[in-house]
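Okay, structure first, notes after.
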């Protein structure tokens, strides 16, 4: 799938939004990638997740997504790879495996996330898995909006990379203009 085809799917799904947003990373932006909209339409999510899965075919025993953005994506990528999927979630502010989820020592894991800006959630999941003796073979994302700065110490594959402006809260021109802020992320 080309970047252009991916962009067309994201546009059809209503993923790209405009306004004044506080991102999960804490930064502000005038654009927001609401990838949850992608997962409203199985045809769209299946196509993009299958593309990411193809890049890791034969290398993965389990797919792990951080809640909330990576939950459905982990399922779709794992389905395409015919492997298990689980998700990590925060408990007392720290990523953990709950609900009876486990990954055996020595397993090969792929971490998936809908949007990567700073990569904080992915890094937390990676550290959790590595503490368990799991080999993280890569990271897959629908959107890389890090500007090429995301470094996970392993292979990183995104369906599409976008370069969108982000601002520190104290330097945000949208805040200075008095525009109301929307906090659509998972850590609001």
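The values are calculated or read from the model by the stated rules, or taken from the named source; none is laboratory data. On a predicted model such as this, the values are computed, not experimentally measured, just so you know. Positions of Cβ are backbone-derived with ideal geometry, glycine not excepted, and every protein chain shown enters the neighbour counts.
So is residue 122 closer than 27 Å to residue 15 by Cα, in contact (Cβ under 8 Å) with a residue 24 or more places away in the chain, outside any loop (DSSP other than H, G, I, E, B) and in contact with a strand residue (DSSP E or B) (Cβ under 6 Å, 6 or more places away or on another chain) or not? Answer is yes for this residue.
Mind listing just one residue for me: the one in the range 162-174 that is crowded, with 16+ Cβ neighbours inside 10 Å and touching a helix residue (DSSP H, G or I) at 6+ places or on another chain (Cβ under 9 Å) and, of those, farthest from residue 38 (Cα to Cα)? Ranking the qualifying residues of the range 162-174, first place goes to 167. Residue count for the range 41-53, restricted to those that are over 21 Å from residue 150 (Cα atoms) and either more than 16 Å from the chain's Cα centre (by Cα) or crowded, with 17+ Cβ neighbours inside 10 Å (or both): 6. You will find that of 178, 153, 148, the residue that is under 18 Å from residue 52 (Cα atoms) and free of Cβ contacts under 8 Å to residues at least 40 places away in the same chain is 148 and no other.
Quick grid of which residues meet (1) over 23 Å from residue 153 (Cα atoms); (2) touching a residue at least 60 places away in the same chain (Cβ under 8 Å):
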position: 9; (1), (2): yes, no
position: 22; (1), (2): yes, yes
position: 56; (1), (2): no, yes
position: 87; (1), (2): no, no
position: 101; (1), (2): yes, no
position: 105; (1), (2): no, no
position: 109; (1), (2): no, no
position: 117; (1), (2): no, yes
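Screening the range 2-26 for residues that are surrounded by 15 or more Cβ atoms within 10 Å (Cβ to Cβ), modelled with pLDDT under 90 and touching a helix residue (DSSP H, G or I) at 6+ places or on another chain (Cβ under 8 Å) and picking the one that is nearest to residue 55 (Cα to Cα) gives 16.
When residue 115 is tested against (1) part of a strand (DSSP E or B); (2) at pLDDT 95 or above, only condition (2) is not met. Selection of the range 8-39 for residues being over 16 Å from the mean Cα position of the chain (by Cα) and in a helix (DSSP H, G or I) yields 8, 9, 11, 12, 13.
Within the range 147-167, the set of residues being at pLDDT 90 or above, part of a loop (DSSP other than H, G, I, E, B) and closer than 16 Å to residue 31 by Cβ comprises 162 only.
Out of everything in the range 123-150 that is within 15 Å of the chain's Cα centre (by Cα) and under 17 Å from residue 98 (Cα atoms), what residue ends up being surrounded by the most Cβ atoms within 10 Å (Cβ to Cβ)? My answer is 125.
Every condition in (1) assigned to a loop (DSSP other than H, G, I, E, B); (2) within 12 Å of the chain's Cα centre (by Cα) holds for residue 98 except the one numbered (2).
Among residues of the range 60-82 being farther than 11 Å from residue 140 by Cβ, in contact with a strand residue (DSSP E or B) (Cβ under 6 Å, 6 or more places away or on another chain) and assigned to a loop (DSSP other than H, G, I, E, B), the one that is modelled with the highest pLDDT is 61.
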